[in-house]
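The values are calculated or read from the model by the stated rules, or taken from the named source; none is laboratory data. Computed from a predicted model, the values in this text were never measured in an experiment. Reconstructed Cβ throughout: ideal geometry from the backbone, glycine too, with neighbour counts over all protein chains shown.
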Amino acid sequence: MTASPAFALVDWGTTSFRAWAVDAAGQVLGERRAADGLVAAGPKGFGRVLEEHLAALGVPAGTPALLCGMVGSRTGWVEASYLDAPVGLDDLAARATAIPHEPRPVFVLPGIAQRSDAEPDVMRGEETQLLGVVAEGFRTGLVCMPGTHSKWVRLDEGTVEGFSTFMTGELFQMLRSNSILSQAVATEAAISADDPAFASGVRHALDEPALLTSRLFQVRAGWLLHGAAPESGLARLSGALIGLEMAGALARHDAREAPVALLGSGPIVALYERALAVADLGSPRRLDADACVRHGLLAAARLLFASKDSGR
């Protein structure tokens, strides 16, 4: 007998859409990935886009769907409120926002806010990945989540105690494409974590973060005066920005005193693993971001829909 979907799980971002049909045992029955993020889905209608993908997955009408990500932002389908840190990740399911007038129960998980006047911060989507991190058994320590806007999150027994966002990836892309450094780093080659220039960039930023903008200009000067290869310049630029992020994490979160998990997918994970080694933070536990967002959605769906079934 073929298993039938118990839940539809959806990670819906600004530019991407991922959905999974999952049975009651947590087995993935089907998966959809598309460029139907908020930008594309808004004009079409969020409900229509969701139903088209779930129909393609064979998810019957009436089967509940749980969504996370920017779909719950102010510019998304419906604004799902932020929960204030510190917050237990198990609370996410209980505070999900219902979307009315749909042919199935549809809920959106909330984000998390840090409302300190001195250190305001927000996350939306990463909290679901963190729920998956906890489901994988990493309940206490620091979680490093590299990306366009990297996050470092302090967990204590499944509670988000605090977090910091670093604009590392966005700054890298801006400097690479739209700054005086662009000619000195003009290459399509991938950055190697084993490139000595990368490790040097990390080390300089860790040791002397106040000199970062001077170090960045040296990328151009080295190209002009010594003919430094663009591949080397790009690696040094990446290492300097990631090293500055590490310096910030060390200063804010006492990273040397806690176990570290590295949550990500793709080539960027190797760069952060090398940078963590340069920073003497040991060998982090590596976790896959795609798997964790799915596991987090599943854990939340079980909590949310089991509680609603019991309340009938």
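Residue under question is ALA258, and the condition is that it be surrounded by fewer than 17 Cβ atoms within 10 Å (Cβ to Cβ), under 28 Å from LEU287 (Cβ atoms), without any contact (Cβ under 8 Å) to a residue 60 or more places away in the chain and of a type in the set (Gly, Ala, Ser); does it hold? Outline the logic, then answer.
On the way: surrounded by fewer than 17 Cβ atoms within 10 Å (Cβ to Cβ): yes; under 28 Å from LEU287 (Cβ atoms): yes; without any contact (Cβ under 8 Å) to a residue 60 or more places away in the chain: no; of a type in the set (Gly, Ala, Ser): yes.
Criteria not met by ALA258.
I need the helices (runs of 4 or more DSSP H) fully contained in region 21-135, keeping only those with at least 2 residues that are within 16 Å of LEU304 (Cα to Cα).
Working: elements: 38-44, 46-56, 91-94, 126-135.
Of the helices (runs of 4 or more DSSP H) lying wholly inside region 21-135, those with at least 2 residues that are within 16 Å of LEU304 (Cα to Cα) span 91-94, 126-135.
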Task: Enumeration of residues in region 94-111 that are closer than 21 Å to GLU126 by Cβ, small (Gly, Ala, Ser) and more than 19 Å from the chain's Cα centre (by Cα) - done: ALA94, ALA96
TODO: Please work out which one of (1) loosely packed, with under 15 Cβ neighbours inside 10 Å; (2) closer than 19 Å to VAL134 by Cα; (3) not polar (S, T, N, Q) is the condition GLY62 fails and give its number.
DONE: (2)
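Would you say LEU271 is assigned by TED's automatic domain parsing to the domain that holds ALA197 and in a strand (DSSP E or B)?
On the way: assigned by TED's automatic domain parsing to the domain that holds ALA197: yes; in a strand (DSSP E or B): no.
Answer is no for this residue.
Looking at GLY222, GLY147, GLY239, GLY201, can you tell me which residue is touching a residue at least 24 places away in the same chain (Cβ under 8 Å) and more than 25 Å from the chain's Cα centre (by Cα)? Lay out the reasoning, then the answer.
Values: GLY147 fails: more than 25 Å from the chain's Cα centre (by Cα); GLY239 fails: more than 25 Å from the chain's Cα centre (by Cα); GLY201 fails: more than 25 Å from the chain's Cα centre (by Cα).
None of the other options fit; the residue is GLY222.
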Open item on the list: Looking at region 167-191 only, could you name the residues that are in contact with a Phe, Trp or Tyr (Cβ under 7 Å, 6 or more places away or on another chain) and not in a helix (DSSP H, G or I)?
Closed with: ILE191
Open item on the list: Looking at region 162-177, can you tell me whether even one residue there is surrounded by 21 or more Cβ atoms within 10 Å (Cβ to Cβ), polar (S, T, N, Q) and in contact with a Leu (Cβ under 6 Å, 6 or more places away or on another chain)?
Closed with: yes
